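What follows is one structure encoded as structure tokens, with my remarks underneath.
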Amino acid sequence: MIDAVRNRAALPLLLLVLFPLAACRKEEQAVVGVAQTAVNAEHKAQAAATELDQQRAALALIPLPTKSMYVDVHEPGAWVNPFLSVDSTALNLRITLADANPSTLGQGTMLRPEAARRQELQVRPADLAQALIALPAGAWRYGRVIAVAESPLASRKDRPKLRRNVEAVIQQLNDLGIVVEEWPAR
């Protein structure tokens, strides 16, 4: 009976000693989990930085812009470099491909219209860099500069969101090393 009384008295003492050990183990597991999350975040950041560097290197093959070539262009239809129209949900990328025929004979006539070389693509904002990298060198006749404008078809209630999208696109283009020529909304 004395042993039973001693065991009952020792049980709370034993629990008092074991409880902090169990709590320490849980804290240790939490610290390990936080450390693993930090390592994963760092790997993602390094992968994103590497991808951005690769995109910049691909776009660096396009020469720097020559402002004297486009300073007098004031109509979107006359702009021959990529033109980006920002909408509330998507981006419209208009490009004009270079004329494959080097001869000046018939240039701009019905035989070789410029409108036939113009293409318009819808691009998600996340895919903008890849879309610009995929453009042929002939689409960048002014150099590495792109015109950006708010979509004229957007409703008035979408203007604040549209402006945030324009600013995000300009930031993304600047990060890629592309000069942005922002056009006023019409």
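Using the Karplus relation 6.51 cos²θ - 1.76 cosθ + 1.60 with θ = phi - 60°, the per-residue 3J(HN,Hα) values for segment 47-55 come to 5, 5, 5, 5, 5, 4, 5, 5, 5 Hz, with x marking Gly and Pro. Using a cut-off of under 17 Å, list every residue of segment 118-136 whose amide N is near the label point 7 Å from the Cα of Leu153 along the Cα-to-beta-carbon line. Residues 119-125 qualify, since their backbone N sits under 17 Å from the label point.
Between Ile133 and His43, the simple label model (points 7 Å from Cα in the Cβ direction) yields a spacing of 2.1 nm.
Rounded to whole numbers, the Karplus 3J(HN,Hα) couplings from phi for segment 57-62 are 5, 5, 7, 5, 5, 7 Hz, using 6.51 cos²θ - 1.76 cosθ + 1.60 with θ = phi - 60°, and x at Gly and Pro. Close amide H partners of Glu181, meaning residues 5 or more places away or on another chain with modelled amide H under 5 Å apart, are Ile146, Ala147, Val148. Remark: spin-label model distance Leu61-Ala90 equals 2.8 nm, labels positioned 7 Å along the Cα→Cβ axis. According to the square roots a ≥ b ≥ c of the eigenvalues of the Cα gyration tensor, what is the shape class of segment 67-182, taking rounded for a/c under 1.5, prolate for a/b larger than b/c otherwise, and oblate for the remainder? The shape class here is prolate.
Computed from the coordinates by the stated procedures, all read-outs in this text should not be read as laboratory data. Since this is a predicted model, take the numbers as computed values, not measurements. Using ideal geometry, Cβ is built from the backbone for each residue, glycine included, and neighbour counts are taken over all protein chains shown.
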